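The values are calculated or read from the model by the stated rules, or taken from the named source; none is laboratory data. Keep in mind that this is a model prediction, so the values were computed, not measured. Quick reminder, even Gly has a Cβ in these numbers, built from the backbone with ideal geometry, and neighbours come from all protein chains shown. Please note that ligands, DNA and RNA were not included when accessible areas were found on the heavy atoms of the full protein model with its side chains. Shrake-Rupley method; radii C 1.70, N 1.55, O 1.52, S 1.80 Å.
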Amino acid sequence: MQVYKSIKGTGVYHILGITILYDALLVALLFLVNSYEVLTIFRIAILVFNIYQLYYILICSSLKYSMDEENVYISSALKLKNIKIPFESIQGYQKAEGHIRGIKLSGYGKNHFGIGRAVIEKIGSTYMFITSTKNIIYLKTDDINYGLSPEDLHEFERNLNNNNINCINWEYRINKNVNLYKDKKFFIPFSIVAILVLIITLNPIALYFLNKLPAMMPLNFNSQFVAIKFGTAKQFAFKQMVYGLLNMAVLFCMYNAGYLCARYDKKSAYKFIYVPLILSLIFLIMQTRILLTFR
């Protein structure tokens, strides 16, 4: 098996710089905010953000490509990426250099590197594994294109040619017929979020009208979950209903963002539905904790 290292670029330093900057901002906000609800969201945001950043730092710093007699492989440390592309599925390739021109759909990407999914000008929807723009080669398959940046581009190209894979040109067209509601990978989490939002919105209202809430309920908490402001059961139910409506607005926005993204790459649209899913779970857990503690 022939192994090709990816060109060492500045992508890792770019991602690391963003990580340090946003971590500093989020940590500073932790000391400025004294609200249980807001601090809970910030803490989870910091955890998710750093896992996301570490994932791309490891991929970008350890990316390599390889070939055997039947496949092209893309891999990274800890098998975070382990992609096999059969030669028989590769229709052809294109070479490029210089700034990457396109629209990022997921992951990280600038003019000088790209890790994730993007729509590249004249290439189309592409799974990017490009650490430098010195040597870029795009592989075209039926499902999606792949962008690579091997150090020894000439040897990589020669091996492709030896396996009857040649340099070609192709056209890219935007998919205008997108039906996310027919896709189970999108529709199932969407349905779960819709149910969670309804529970967050209607549960406190139902408890109020059924007289299942105490006359006085906490409206605000400090960071230690100590109630610092009380109000009537009606005020509590209304505030929780507003949280539900906010989650509904986030769901609506993420659905539309996913729909627009799916026109270029359907798999990239899935990530948008998990934002309201995580957010609605957080609010439901917080609401449940309040009700169990103060009812």
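Here are the numbers for this structure:
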quantity	calculated
Selection within the range 114-127 - closer than 19 Å to N169 by Cα and open to solvent by 20 Å² or more (accessible area, probe 1.4 Å)	E121, K122, Y127
Tabulated pairs, the range 23-46, first under 21 Å from Q287 (Cα atoms), second among the hydroxyl-bearing types (S, T, Y), C-beta under 7 angstrom, 6+ apart or interchain	N34/S223; Y36/S223; L39/S223
Boolean, D152 is at pLDDT below 90 and outside the structural domain of I273 (by the TED database)	no
Options V197, V178; residue that is open to solvent by less than 20 Å² (accessible area, probe 1.4 Å), modelled with pLDDT of 90 or more, within 28 Å of C253 (Cβ to Cβ) and under 33 Å from the mean Cα position of the chain (by Cα)	V197
Single residue of L16, L47, L58 found to be assigned by the TED database to the domain that holds N145 and open to solvent by 90 Å² or more (accessible area, probe 1.4 Å)	L47
Residue among I137, I168, I130, I144 that alone is open to solvent by less than 90 Å² (accessible area, probe 1.4 Å), under 30 Å from N82 (Cβ atoms) and in contact with a Pro (Cβ under 8 Å, 6 or more places away or on another chain)	I137
Single match in K266, K271 (criterion: touching a Cys at 6+ places or on another chain (Cβ under 9 Å) and either hydrophobic (A, V, I, L, M, F, W, C) or modelled with pLDDT under 95 (or both))	K271
Criterion (touching a residue at least 12 places away in the same chain (Cβ under 8 Å) and part of a helix (DSSP H, G or I)) met by exactly one of I59, I85	I59
Options G92, G109, G102; residue that is at pLDDT 95 or above and within 21 Å of N135 (Cβ to Cβ)	G92
Top-ranked residue of the range 91-113 - restricted to ones that are more than 16 Å from K267 (Cβ to Cβ) and of a type in the set (A, V, I, L, M), ranked as surrounded by the most Cβ atoms within 10 Å (Cβ to Cβ)	I100
Residues located in the range 273-295, provided they are open to solvent by 60 Å² or more (accessible area, probe 1.4 Å), within 13 Å of the chain's Cα centre (by Cα) and not hydroxyl-bearing (S, T, Y)	V275, I278
Qualifying residues in the range 208-245 (those that are in a strand (DSSP E or B) and touching a residue at least 60 places away in the same chain (Cβ under 8 Å)) - the one farthest from L30 (Cα to Cα)	M217
Lone unmet requirement of (1) touching a strand residue (DSSP E or B) at 6+ places or on another chain (Cβ under 8 Å); (2) over 13 Å from I130 (Cα atoms); (3) at pLDDT 90 or above for I7	(2)
So L180, is it touching a residue at least 12 places away in the same chain (Cβ under 8 Å) and touching a Pro at 6+ places or on another chain (Cβ under 9 Å)	no
Sole exception among (1) more than 29 Å from I46 (Cα to Cα); (2) open to solvent by less than 30 Å² (accessible area, probe 1.4 Å); (3) assigned to a helix (DSSP H, G or I) for L202, by number	(2)
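One line per residue, one yes/no per condition, for (1) in contact with a Gly (Cβ under 9 Å, 6 or more places away or on another chain); (2) among the small types (G, A, S); (3) open to solvent by less than 50 Å² (accessible area, probe 1.4 Å):
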residue	(1), (2), (3)
K234	no, no, no
G258	no, yes, yes
Y264	yes, no, no
S268	yes, yes, yes
K271	yes, no, no
